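Student: Below: one structure in structure tokens.
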């Protein structure tokens with residue numbers, strides 16, 4: 001049996017308590033400063049208010065000021081915060097981690113430096129921990145298609161644990177793996193994390209099909225825009241592969257659970273898809289974010305700003321060409337510059353062949 005302490009009590013971090021406790025492990029759930037009501041609810045009623053489920057009996061809840069107690073003797077430390085809190089979590093880990101702990105993160109996203117170089121979030125998380133301690137713990141992440149509520153009600157879910165130490169990954173996989181929570185492992189740490197980040201960006205486009213129908217007054221139309229959506233998904237898949245080339249990931253990773261698998265489930269719904277639907281319906285994105293979806297956390301949109309914003313710098317440095325990532329560039333224009341949706345079809349799939357009217361006869 002292992003003791004797993006989780007920093008952050010969001011729905012995904014909490015949902016993982018089900019496979020962990022089903023395996024007989026102890027789970028200690030530590031709330032952030034934003035999670036006080038969640039932790040109070042679990043302490044008083046056993047119910048996570050956002051999941052609307054009673055957490056397993058093997059879960060103990062702690063407020064942030066009780067974190068030191070919660071991390072005492074832990075075997076696994078999980079970062080369960082969202083991408084906006086990764087620096088904060090790293091700073092907390094600096095005083096909470098102990099040598100020999102296995103750190104695993106569920107946070108998705110990337111950061112860019114002033115030159116446009118992109119960094120995966122586990123590296124950002126680790127950078128806040130003193131170097132001597134950083135080297136005495138292991139760093140891993142969970143990627144792949146996993147909707148938190150489905151995990152919590154024990155629906156079959158397939159994920160990948162990614163990191164650089166194969167033996168650590170196998171130990172972690174054995175700790176989490178159940179008959180419904182299926183775990184594979186990969187040492188393509190960068191490739192898996194890049195896929196986890198960029199698929200959130202492309203999922204924003206998952207709302208475009210219905211948004212265009214809304215704009216046309218055909219929300220209930222018999223004939224949908226599945227052709228449109230399929231082509232969009234295919235272009236995103238191509239760009240996932242190009243990201244692997246750019247960042248040094250394994251192309252196989254983009255074709256598996258961390259890439260197209262996770263992108264598929266993320267485009268099925270959620271906050272980022274809803275935001276994309278508004279944008280496709282003709283609402284300027286500044287209005288979407290500041291009025292229509294005010295106070296809603298949009299990690300995919302944040303990732304578009306970071307990743308799409310890095311592309312011009314990478315282009316200027318000659319690391320990529322102007323023709324690379326046309327979909328990501330357009331998503332960034334919509335989100336950061338309030339441009340209307342107007343997909344550059346002629347740039348997709350390596351460029352659409354131009355046929356003259358005479359040649360088509």
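Student: What is the number of the single condition among (1) surrounded by fewer than 18 Cβ atoms within 10 Å (Cβ to Cβ); (2) farther than 17 Å from residue 32 by Cα that residue 129 does not meet?
Tutor: Result: residue 129 fails condition (1) only.
Student: Hey, can you tell me all the residues within segment 219-235 that are surrounded by 14 or more Cβ atoms within 10 Å (Cβ to Cβ) and under 18 Å from residue 279 (Cα atoms)?
Tutor: The answer is 225, 228, 229, 232, 233.
Student: Follow-up question, since we're still on this one. Take the residues in segment 238-250 that are within 12 Å of residue 188 (Cβ to Cβ) and without any contact (Cβ under 8 Å) to a residue 60 or more places away in the chain, then tell me which one is surrounded by the most Cβ atoms within 10 Å (Cβ to Cβ). Walk me through how you get there before you give the answer.
Tutor: Applying the first criterion (within 12 Å of residue 188 (Cβ to Cβ)) to segment 238-250 yields 244, 247-250.
Filter once more, so that each one left must be without any contact (Cβ under 8 Å) to a residue 60 or more places away in the chain: 244, 248.
Working: 244: 22, 248: 10.
So, considering only residues that are within 12 Å of residue 188 (Cβ to Cβ) and without any contact (Cβ under 8 Å) to a residue 60 or more places away in the chain, the one surrounded by the most Cβ atoms within 10 Å (Cβ to Cβ) is 244.
Student: Hey, another quick one. With the structure loaded, tell me whether residue 283 is crowded, with 16+ Cβ neighbours inside 10 Å and not in a helix (DSSP H, G or I) or whether it fails that test.
Tutor: Details: crowded, with 16+ Cβ neighbours inside 10 Å: yes; not in a helix (DSSP H, G or I): yes.
In short, yes.
Student: When you check residue 146 against the structure, is it in contact (Cβ under 8 Å) with a residue 12 or more places away in the chain and either assigned to a loop (DSSP other than H, G, I, E, B) or under 19 Å from residue 184 (Cβ atoms) (or both), yes or no?
Tutor: On the way: in contact (Cβ under 8 Å) with a residue 12 or more places away in the chain: yes; either assigned to a loop (DSSP other than H, G, I, E, B) or under 19 Å from residue 184 (Cβ atoms) (or both): yes.
In short, yes.
Student: Suppose we filter 109, 116, 90, 100 for residues that are touching a helix residue (DSSP H, G or I) at 6+ places or on another chain (Cβ under 7 Å) and closer than 23 Å to residue 3 by Cβ; which single one remains? Steps first, please.
Tutor: Values: 109 fails: closer than 23 Å to residue 3 by Cβ; 116 fails: closer than 23 Å to residue 3 by Cβ; 100 fails: touching a helix residue (DSSP H, G or I) at 6+ places or on another chain (Cβ under 7 Å).
Only one candidate qualifies: 90.
Where a number appears in this text, it was derived from the coordinates with a stated rule and is not lab data. Note that this is a predicted model, so its numbers are computed, not measured. All Cβ positions, glycine included, derive from the backbone under ideal geometry; neighbour counts span all protein chains shown.
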